[in-house]
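Comments concern the structure below.
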Amino acid sequence: MDLANRRLEIAELVRATGRVDAAALSARFAVNAETIRRDLRALESAGELRRIHGGAVAHGTLAVEDRVSGRLSQRRPEKRAIARAALAEIPPFGAVFIEAGSTTGHLAGLIPDRGDLLIVTNALQIALELTDRSRSTVMTIGGRVRPASYAEVDAWALARLADLRFDVAFVGTNAIDPGWGLSTPDPAEAAVKAAVLASAQKAVLMVDHTKFGLRAACRYGAVDDVDLVVTDSGVDDASLAELRTRGVAVRLAEPPAADTRTTPRSTPQEEL
């Protein structure tokens with residue numbers, strides 16, 4: 001197939017399915033990865049699609065939300081590595097917030113058994129795990145519990161957050177795009193996320209590479225509203241460069257090749 005027809009078919013695939021995978025395109029058209037990258041760059045310049053890590057999406061593609069019970073098992077090695085890399089941000093004492101989410105959920109199982117922390121969360125499963133295994137004081141913020149995320153939201157949650165301040169907040173996101181910012185599909189979750197960012201002295205965003213380049217319906221902050229982004233090494237160079245340009249620190253976590261429950265092979269990389 002010649003170049004013009006291949007690019008036409010790629011554009012049609014994106015319109016039909018909403019998203020294409022670069023590796024799958026390479027196999028489909030029997031061309032190398034660099035050829036597909038050039039195709040996607042050309043199609044993006046022509047306004048046919050928007051490139052993301054590992055492929056491309058149709059313009060206007062929004063992040064969707066699966067139930068947290070299913071998300072906990074997705075990309076487990078990357079999420080555990082991110083949690084291990086974020087663990088260094090736990091302060092020697094004080095108050096921390098751990099937001100509901102599949103990536104932040106892995107952090108709860110790694111926090112040392114210490115009695116000098118106040119840990120606040122809006123996630124029921126995180127509160128239960130910490131209560132069972134840690135001497136830290138554990139609080140939830142109350143509110144309506146969303147079935148999709150087990151997160152406490154709405155007026156009660158927002159009223160409690162207005163009276164709290166955290167040394168460090170560990171937060172997640174459904175989508176991160178340098179232009180659009182941080183976003184989530186649900187307006188109630190967006191309101192809580194914004195309130196958490198406003199209450200934190202330091203905000204640590206824990207996000208795997210698949211969330212980069214996506215947008216969701218409800219924007220709750222800019223990328224530079226967080227102080228540190230902890231992500232896995234699958235994130236693309238363009239996203240890292242954009243974060244660096246905006247003054248956001250980045251820490252890359254590399255999961256072990258074999259046993260994902262052991263110590264990482266190397267120290268996480270941090271850059272400005």
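Just so it is clear, none of the values below were taken in a lab; they were calculated from the coordinates. Given the structure is predicted, the values throughout are model-derived calculations rather than measurements. Don't worry about glycine lacking a Cβ; one is built from the backbone with ideal geometry, like all the others, and counts go over all protein chains shown.
With helices as the sole contributors, the chain gives -10500 deg cm²/dmol at 222 nm; each DSSP H run of n ≥ 4 counts as -39500 (n - 2.57), and the sum is divided by every residue. Using a simple spin-label model with pseudo-atoms 7 Å out from Cα toward Cβ, Asp21 and Trp180 lie 2.2 nm apart. FRET efficiency for the pair Arg38 and Ala241, taken as 1/(1 + (r/R0)^6) with r the Cβ-Cβ distance and R0 = 22 Å, rounds to 0.65.
Over segment 81-161, calculate the relative contact order: mean separation of alpha carbon pairs under 8 Å at least 6 apart, over the residue count, as a percent.
Contact order relative to length: 25 percent.
Ordering of 165-171, 100-106 by packing is 100-106, 165-171, highest average first (other Cβ atoms within 10 Å, averaged per residue).
Packing around the peptides 222-229, 153-160, 25-32, taken as the average count of other Cβ atoms within 10 Å per residue, puts them in this order, highest first: 222-229, 153-160, 25-32. Helix 76-86 versus the longest principal axis of the chain: what angle, 0 to 90°, nearest 10, using Cα atoms? Helix 76-86 sits roughly 50 degrees off the main axis of the chain.
Anisotropy class assigned to segment 153-216 is oblate, per the alpha carbon gyration tensor with a/c at or over the 1.5 cut-off and a/b no larger than b/c. Extending 7 Å from the Cα toward the beta-carbon at both Arg28 and Leu3 defines two label points whose distance is 2.0 nm.
Let me check against my output: what whole-number percent is the relative contact order of the chain, with C-alpha pairs under 8 Å and at least 6 apart? Please report the intermediate quantities before stating the final value.
Details: 571 pairs, mean separation 44.3, N = 272.
Taking the mean separation of contacting Cα pairs over the length of the chain, I get 16 percent.
Antiparallel beta bridges, as assigned by DSSP with both residues in the chain, represent about 40 percent of the total such bridges.
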